[in-house]
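Asker: After the structure tokens below, expect a handful of questions from me.
The values are calculated or read from the model by the stated rules, or taken from the named source; none is laboratory data. These figures come from a predicted structure and were not determined experimentally. Positions of Cβ are backbone-derived with ideal geometry, glycine not excepted, and every protein chain shown enters the neighbour counts.
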Amino acid sequence: MSTGRPNRKSRTAAFWRRACTALAAAVFAVTAQLPVTSAQAGPAKLHVVATTSMIADAARQVGGEEVRVRELMGPGIDPHAYRQTRTDIAAMTRADLVLWHGLYLEAQLEEFMHKLAQRRSVVAVAESLPKDRLLRHDDYANQYDPHVWMDPQMWTGVVAAVRDALIAARPNARATFEANAARHIAEVEALAAYAADTLRSVPEQTRYLVTAHDAFNYFGRAYGFEVIGIQGISTESEAGLNRIAELVSLLVEKNVGAVFVESSVSDRNVRALIEGAAARGHKVSIGGELFSDAMGADGTYEGSYVGMLDHNVTTITHALGGTAPARGMNSRLSAGS
Amino acid sequence: MFETLLDAFLFRAGYNAALVTVGTTLLGIAAGSTGTFIFLRKRALISDAVAHATLPGVGIAFMVLVALGGDGRNLPALLAGSALSAWLGLLAVQWISRRTRLAEDAAIGAVLSVFFGGGIVLLTVIQTMTTGRRAGLEEFLLGATAGMLFHDAVFIAAAGLLVLTLVIALRRAMTLVAFDPGFATSVGISVARTDLAMMALTMAVTVVGLKLVGLILIVAMLIIPPVAARFWSDSTNSVVWIAGLIGGTSGFLGAALSASAPDLPTGPIIVLVCFALFAVSITFAPQRGLFAAMLRYRAFHRHVHRRQGLLALARGEEILDPVTVSVLRKAGLVRRDGVATEAGRAQAARILRDERRWDIARQIHRDEAVINRQDILRPIEDVLTRDEIAEIDRRIGPPEAVPS
Amino acid sequence: MTIAENTALELVAANGRPVRHTDLADAPLAVRELTVSYGQKPAVFSLDATFAPGRLAAIVGPNGAGKSTFLKAALGMVPKLSGQVIVFGQPLAAARHRIAYVPQRASVDWDFPTPVIDVVLMGMYRQLGLLRRVSAKQRDAALACLARVGMEDFSDRQIGQLSGGQQQRVFLARALAQDADLYLLDEPFAGVDAATERAIIDVLKAIRDEGRTVVCVHHDLTTVAQYFDDVLLLNVHKIAEGPVGDVFTAENLQKTYGGRLAAVHIDQLRLDPQ
């Protein structure tokens, strides 16, 4: 209930209220005019957002000119720990199709992805794989090891899932997608053959693959290697002190000469392992850097799925005493692999 | 499992475990002794704010290193960044509590949350940077001992010894400032500079402990040992070294335990061991522990009955309470039939005089909480000085004997 | 009555010998134009005061008169807005080692883990420095100080277990351990029992008889004439200073306490008529 003449304080307050209302109205008017998705002149490309760079690579291979793919996690980024940013959310809500891995690889994004699926096209490409071909998680009863891309044969299933998702999003480009997918799957199968041949040359007694975390179980199953990760399947689990001692004993017992660091994980644990083995008089060296949860730098050969696996296979073979071409399957690996 | 535990205690559980155990033991000793002065100076919460304020410094140091072309894993640089932002956090707390009307705890809460939140934002930004290997910055939150390397251990040992040396050198000044800052100023000690030294030592301990127990838990290593040590001693110097001992033991046992079984995180286990030592202290410490208090209560109970019984004897009254009679009999002060013995009469006379003195003392010291709390439990000679007792005796006259 | 620098004035010491007070070099404590304020409120304003050596002096005034503030400013514990503090003819920093300070009882944490003997040993900080160990001789000297205040049986007791008067005695023992030439005490008799009060005043008189100087902020008007040689009447400004017989008059007390001290109370103080 106001009393008489408005004083200075209430007049100032009134001024600010009106100014803010005007400003809000102006902002609303302007933003209402903006298009929800940025339109392009000419035939519109399908906007696809992929979480990992491996999926993005598959989407580009299958989609070709029809799609514009944007990935959330670039080289060197760990998907187990990744939390979405506001920019990511904006990109995903504006996309025509969102592709993610699933199987709890992007553990921090699970809830968000499920919610997003209610409003937009969201496909978990690895979850379409038949469950009997998946490896069970060591620690969680009804979960699976998500690192399926380490086995090219398994990855062909994911490429097929990507193809199906793209077809569902743009049915009139079905022929293009099917052709591209078939071509890419053939490349991946050639990679699988190369891997099998090359890794066969590694002697039985050196088939121990020791890495920073348990990303290589599918690789181990496919090519007959015993796979030991210092951390568990997710990099979010801390390696206990006891684990290092356990692994040092293993390295000494089995006379393992080389261990591997990963591009997206800190190498401290690996170096501690090497020091521990040295204290017991056993020399272990770093066999090389592997691409585990992320691919190589953009624009390089290793920045593609085929290149990533090619690099891994060739590096492992060289380090553990097998024979492989110096520059990999297609002679395209950078020197020093 | 016990064999592996024993191996761990004897430094036989492997090189890596031994390295970590040495590091955490030294950290525990340094943290416990430094923490005693923070606890005495009532600055425990500030040390927590300072620890949380290290996070943005770590993030910024990482980003600077990467911008300069490195890979961001340079530990001394990261720790230097953490120390710098911790220092800024401390200055912020002091500035806010001095210049604004906010109380110190509000200032601490504000600084702690803002700096820590800022640090988390930086970590989220860093995860999107394509710099190749992660520096493992999240490890600074709760520590990660599995990856401890030899040069890490050397750094911790050197820093720990430096901190201990400074604590020993400055203990007298810090004790004086904590007890009576006014007096300290009057004998020429600079309170501001001593407090600065104390916070610098806290920061050193925090930075050293970042990789072992993490910034969230380091405050526990600073504060729990002195709190536990307080139960064992009433002398500051003793509290300092007992706290160091408790801290070092926690570090040693915690690391050994975490090395003996799979999947045990070292930092949290150390803190749990520390808390267990605190629980033991609060329960079993002689004189100040709960158990001792319970025994004292039982003794008090007996004492009350004894006193009441003897007073009744002195005044020639009948003793009605059977418990009282039994207590007196067990002490040999009355015979089976309830008649007082020789010793009983002597004691009764003493107690009567004591009671009279206490009556006067209570009148004189009417407002003294100390006197009212203790009057039944102790004879007056233990509580008042000779001249005070002489004053009372003047008023009540000479002692009287008890008739048989 | 103001004591100007060059005026020769005859004062009589407690033991009857005349003391010639000529210049500041002899005065254990002198302040000139001292102003201290908390925020924007002056606690002490433009104070000129000089304390004579070998005397027991009281500082008297109502609550909030700036008495404690004056002591703290003299010790450099609170910053002064203006003025000078001269201790034995020198600035404070040079002569600090000749002063011992006994604070008001309330400001200490009684749960602090320290036994009585350690509190007294704190007084020997000057000799001990940061690192030197406490020798048997120093420990004996500390026990002797405790004996002077009647607390020798309590040397291992934790301070929180003492009564108020006993705690005050321990702080006095600490000051004795400093072996100072000037003792500054802030309300040493507040809240203590009669026996303790007697013990303390006996010690203070003994210190004065040794030729040292004692200055107390004192709260009890009824004992001023009995205990002290000199008095400074203070209420933010100086009202009067000098020997008790000359200065402690009904008129001066009225000026100091304003309307707060009724005439009947002044009568009860049984002052000598002026």
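Asker: Taking the criterion of being among the β-branched types (Val, Ile, Thr), within 20 Å of residue A:206 (Cα to Cα) and within 11 Å of another protein chain (Cβ to nearest Cβ), would at least one residue in region A:279-291 satisfy it? Write out each step before concluding.
Answerer: From region A:279-291, those among the β-branched types (Val, Ile, Thr) are A:284, A:286; that's our starting set.
Remaining after also requiring within 20 Å of residue A:206 (Cα to Cα): A:284, A:286.
Now narrow it down to the ones that are within 11 Å of another protein chain (Cβ to nearest Cβ): none.
No, there is no match, as no residue in region A:279-291 is among the β-branched types (Val, Ile, Thr), within 20 Å of residue A:206 (Cα to Cα) and within 11 Å of another protein chain (Cβ to nearest Cβ).
Asker: Condition test on residue C:96, is it surrounded by fewer than 20 Cβ atoms within 10 Å (Cβ to Cβ) and facing another protein chain (nearest Cβ under 7 Å)? Please lay out each step first, then the result.
Answerer: Details: surrounded by fewer than 20 Cβ atoms within 10 Å (Cβ to Cβ): yes; facing another protein chain (nearest Cβ under 7 Å): yes.
Yes; evaluated as a whole, the condition is true for this residue.
Asker: Being of a type outside the set (A, V, I, L, M), surrounded by 24 or more Cβ atoms within 10 Å (Cβ to Cβ) and in contact (Cβ under 8 Å) with a residue 24 or more places away in the chain: is that true of residue A:75 here? Quick ask: steps written out before the conclusion?
Answerer: Numbers: of a type outside the set (A, V, I, L, M): yes; surrounded by 24 or more Cβ atoms within 10 Å (Cβ to Cβ): no; in contact (Cβ under 8 Å) with a residue 24 or more places away in the chain: yes.
No.
Asker: In region C:32-85, which residues are under 17 Å from the mean Cα position of the chain (by Cα), more than 14 Å from chain B (Cβ to nearest Cβ) and among the basic types (Lys, Arg)?
Answerer: Passing the criteria: C:55, C:67.
Asker: Among the candidates A:212, A:272, which residue alone is within 14 Å of chain B (Cβ to nearest Cβ) and more than 23 Å from residue A:321 (Cβ to Cβ)?
Answerer: A:272
Asker: Condition test on residue B:273, is it in a helix (DSSP H, G or I), farther than 19 Å from residue B:51 by Cα and within 14 Å of chain C (Cβ to nearest Cβ)?
Answerer: Details: in a helix (DSSP H, G or I): yes; farther than 19 Å from residue B:51 by Cα: yes; within 14 Å of chain C (Cβ to nearest Cβ): no.
No; evaluated as a whole, the condition is false for this residue.
Asker: Same structure again: Out of all the residues in region A:292-306, which are away from every other protein chain (no Cβ under 13 Å) and either without any contact (Cβ under 8 Å) to a residue 12 or more places away in the chain or touching an Asp or Glu at 6+ places or on another chain (Cβ under 7 Å) (or both)? Can you show your working first?
Answerer: Let us first name the residues in region A:292-306 that are away from every other protein chain (no Cβ under 13 Å), namely A:301, A:304-306.
Correct list: A:304, A:305, A:306.
Asker: Could you identify the single residue in B:162, B:170, B:217 that is surrounded by fewer than 23 Cβ atoms within 10 Å (Cβ to Cβ) and within 11 Å of another protein chain (Cβ to nearest Cβ)?
Answerer: On the way: B:162 fails: within 11 Å of another protein chain (Cβ to nearest Cβ); B:217 fails: within 11 Å of another protein chain (Cβ to nearest Cβ).
One residue alone meets the criteria, B:170.
Asker: Let me ask something else. Quick check on my filter: what residues within region C:186-213 are touching a residue at least 60 places away in the same chain (Cβ under 8 Å), part of a loop (DSSP other than H, G, I, E, B) and within 14 Å of another protein chain (Cβ to nearest Cβ)?
Answerer: Narrowing region C:186-213 to residues touching a residue at least 60 places away in the same chain (Cβ under 8 Å): C:186-188, C:190-191, C:204-205, C:208-209, C:211-213.
Narrowing further to those that are part of a loop (DSSP other than H, G, I, E, B): C:187-188, C:190-191, C:211-212.
C:187, C:190, C:191 - these are the residues of region C:186-213 that are touching a residue at least 60 places away in the same chain (Cβ under 8 Å), part of a loop (DSSP other than H, G, I, E, B) and within 14 Å of another protein chain (Cβ to nearest Cβ).
Asker: Only residues that are under 30 Å from residue A:77 (Cβ atoms), at pLDDT below 80, among the β-branched types (Val, Ile, Thr) and surrounded by 10 or more Cβ atoms within 10 Å (Cβ to Cβ): list them for region A:2-53, please.
Answerer: A:37
Asker: Return only the number of the condition from (1) more than 21 Å from residue C:98 (Cβ to Cβ); (2) more than 8 Å from every other protein chain (Cβ to nearest Cβ); (3) basic (Lys, Arg); (4) under 16 Å from the mean Cα position of the chain (by Cα) that residue C:169 does not satisfy.
Answerer: Answer for residue C:169: the failing condition is (2).
Asker: Keeping to region B:294-344, report how many residues are over 18 Å from residue B:354 (Cβ atoms), part of a helix (DSSP H, G or I) and not aliphatic (A, V, I, L, M).
Answerer: Result for region B:294-344: 9.
Asker: Restricting to region B:96-105, what's the tally of residues that are among the small types (Gly, Ala, Ser) and surrounded by 14 or more Cβ atoms within 10 Å (Cβ to Cβ)?
Answerer: Residues in region B:96-105 being among the small types (Gly, Ala, Ser) and surrounded by 14 or more Cβ atoms within 10 Å (Cβ to Cβ): 1 in total.
Asker: With B:17, B:51 as the choices, which residue is within 14 Å of chain A (Cβ to nearest Cβ) and crowded, with 19+ Cβ neighbours inside 10 Å? Let's see the steps before the verdict.
Answerer: Numbers: B:51 fails: within 14 Å of chain A (Cβ to nearest Cβ).
The unique qualifying residue is B:17.
Asker: Pick from region A:227-263 the residues that are at the interface with chain B (Cβ under 9 Å from one of its Cβ atoms) and part of a strand (DSSP E or B): which of them is surrounded by the most Cβ atoms within 10 Å (Cβ to Cβ)?
Answerer: Quick first cut of region A:227-263, residues at the interface with chain B (Cβ under 9 Å from one of its Cβ atoms) only: A:230-232, A:235-246, A:248-249, A:261-263.
Imposing the further condition that a residue be part of a strand (DSSP E or B) reduces the set to A:230-231, A:261-262.
Working: A:230: 24, A:231: 24, A:261: 20, A:262: 26.
It comes out as A:262.
Asker: Sticking with this one: I need a count of the residues in region B:220-240 that are in a helix (DSSP H, G or I) and crowded, with 20+ Cβ neighbours inside 10 Å.
Answerer: Narrowing region B:220-240 to residues in a helix (DSSP H, G or I): B:220-229, B:236-240.
Going one step further and asking which of them are crowded, with 20+ Cβ neighbours inside 10 Å, we end up with B:220-226, B:228-229, B:236, B:239-240.
Qualifying residue count for the region: 12.
Asker: Moving on to the next point. How many residues does region C:101-129 contain that are polar (S, T, N, Q), in contact (Cβ under 8 Å) with a residue 40 or more places away in the chain and facing chain B (nearest Cβ under 7 Å)? Steps first, answer last, please.
Answerer: At the first step, the residues of region C:101-129 found to be polar (S, T, N, Q) are C:104, C:107, C:114, C:127.
Filter once more, keeping what is in contact (Cβ under 8 Å) with a residue 40 or more places away in the chain: C:104, C:114.
Narrowing further to those that are facing chain B (nearest Cβ under 7 Å): C:114.
So the answer is 1.
Asker: Here's another thing I want to ask about it. Can you confirm whether region B:52-71 contains a residue that is touching a helix residue (DSSP H, G or I) at 6+ places or on another chain (Cβ under 6 Å), in contact (Cβ under 8 Å) with a residue 12 or more places away in the chain, on the phi > 0 side of the Ramachandran plot and not charged (D, E, K, R)?
Answerer: Looking through region B:52-71, none of the residues is touching a helix residue (DSSP H, G or I) at 6+ places or on another chain (Cβ under 6 Å), in contact (Cβ under 8 Å) with a residue 12 or more places away in the chain, on the phi > 0 side of the Ramachandran plot and not charged (D, E, K, R).
Asker: Give just the number: which of (1) touching a Phe, Trp or Tyr at 6+ places or on another chain (Cβ under 9 Å); (2) within 14 Å of chain A (Cβ to nearest Cβ); (3) part of a helix (DSSP H, G or I) does residue B:73 not satisfy?
Answerer: (3)
Asker: Yes or no: region B:247-267 includes at least one residue that is within 14 Å of another protein chain (Cβ to nearest Cβ), in contact (Cβ under 8 Å) with a residue 12 or more places away in the chain and surrounded by fewer than 18 Cβ atoms within 10 Å (Cβ to Cβ). Show your work before the answer.
Answerer: Filtering region B:247-267 for residues within 14 Å of another protein chain (Cβ to nearest Cβ) gives B:251-267.
Those left that are additionally in contact (Cβ under 8 Å) with a residue 12 or more places away in the chain: B:251-261, B:265-267.
Next, from what is left, pick out any that are surrounded by fewer than 18 Cβ atoms within 10 Å (Cβ to Cβ): B:261.
Yes, that holds for at least one residue.
Asker: Filter region C:130-156 down to residues that are part of a loop (DSSP other than H, G, I, E, B) and buried (at least 18 other Cβ atoms within 10 Å of the Cβ) and give me whichever is farthest from the other protein chains (Cβ to nearest Cβ).
Answerer: Just the residues of region C:130-156 that are part of a loop (DSSP other than H, G, I, E, B), to begin with: C:130-135, C:149-151, C:155-156.
From what's left, buried (at least 18 other Cβ atoms within 10 Å of the Cβ): C:149-151, C:155.
On the way: C:149: 9, C:150: 5, C:151: 6, C:155: 12 Å.
Looking at the filtered set, the residue picked out is C:155.
Asker: Residue A:314 is checked against (1) hydroxyl-bearing (Ser, Thr, Tyr); (2) part of a loop (DSSP other than H, G, I, E, B); (3) over 25 Å from residue A:82 (Cβ atoms) and fails just one. What number does that condition carry?
Answerer: The number of the failed condition is (2).
Asker: Follow-up. Pairs only if they're at least six apart or on different chains, beta carbon under 8 angstrom, first in region B:93-119 and free of Cβ contacts under 8 Å to residues at least 12 places away in the same chain, second charged (D, E, K, R) and surrounded by 14 or more Cβ atoms within 10 Å (Cβ to Cβ); list them, first residue then second.
Answerer: B:97/B:104
Asker: Scan region B:125-140 and give yes if some residue there is within 30 Å of residue B:234 (Cβ to Cβ) and either under 27 Å from the mean Cα position of the chain (by Cα) or within 14 Å of chain A (Cβ to nearest Cβ) (or both), otherwise no.
Answerer: no
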